Amino acid sequence: MGEMTAFAMAVLTGVVTAGLTSSFYRLVTNKPPSFGVLTAPLPEVVTGMATLVFAGPVVIMRNAVRARVLEQRPWIWLGLSVSIAVFWSFMSGIFVLSLILAR
């Protein structure tokens, strides 16, 4: 397997994990995951932070697209947000793939 293929596979695995985690959190709590979870009561902070470990890329991209559309932020902010989300997806994808492939 080529290096770029392995990178793409890890990133896509991370994106899928982020989407599933975010959707499940929204299904259970009836609100989207957010980085503002630190102001909530302790049990909600613990579950919110555990969710954000994997759902972080979805939250970053949602905030970046909304900031670009609603606040007319520069394109460079969207590009930097995409870079951070891709790296985060790559790292969580590597973790998930290592769990799946470790038999």
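Every number in this text was worked out from the coordinates using simple rules, so none of it is lab data. Every value quoted in this text rests on a predicted model; they were computed, and no experiment measured them. Every residue, glycine as well, gets a Cβ built from its backbone with ideal geometry; the counts of neighbours run over all protein chains shown.
Residue 20: in contact with a Lys or Arg (Cβ under 7 Å, 6 or more places away or on another chain) and either of a type outside the set (A, V, I, L, M, F, W, C) or closer than 28 Å to residue 5 by Cα (or both), yes or no? Judged against the criteria, residue 20 is not a match.
So that you can scan it fast, the table gives a plain yes or no per residue for (1) in a helix (DSSP H, G or I); (2) under 24 Å from residue 96 (Cβ atoms); (3) of a type in the set (A, V, I, L, M); (4) in contact with an Asp or Glu (Cβ under 7 Å, 6 or more places away or on another chain):
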site	(1), (2), (3), (4)
38	yes, no, yes, no
45	yes, yes, yes, no
48	yes, yes, no, no
55	yes, yes, yes, no
59	yes, yes, yes, no
64	yes, yes, yes, no
68	yes, no, no, no
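Is it the case, given these coordinates, that residue 86 is under 11 Å from the mean Cα position of the chain (by Cα) and among the aliphatic types (A, V, I, L, M)?
Numbers: under 11 Å from the mean Cα position of the chain (by Cα): yes; among the aliphatic types (A, V, I, L, M): yes.
Answer is yes for this residue.
Condition check for residue 93 on (1) touching a residue at least 40 places away in the same chain (Cβ under 8 Å); (2) exposed (fewer than 14 other Cβ atoms within 10 Å of the Cβ); (3) not hydrophobic (A, V, I, L, M, F, W, C): one failure, at (2).
The residues in segment 34-58 that are crowded, with 19+ Cβ neighbours inside 10 Å and within 20 Å of residue 12 (Cα to Cα) can be counted, and the count is 7.
Would you be able to say whether some residue in segment 13-28 is hydroxyl-bearing (Ser, Thr, Tyr), surrounded by fewer than 19 Cβ atoms within 10 Å (Cβ to Cβ) and without any contact (Cβ under 8 Å) to a residue 60 or more places away in the chain? Yes, segment 13-28 has at least one match. One residue stands out in segment 8-29 among those that are touching a helix residue (DSSP H, G or I) at 6+ places or on another chain (Cβ under 6 Å) and hydroxyl-bearing (Ser, Thr, Tyr): the one that is farthest from residue 49 (Cα to Cα), namely 13. In segment 45-90, the qualifying residues are those that are free of Cβ contacts under 8 Å to residues at least 40 places away in the same chain and of a type in the set (Ser, Thr, Tyr), and the one that is nearest to residue 24 (Cα to Cα) is 51.
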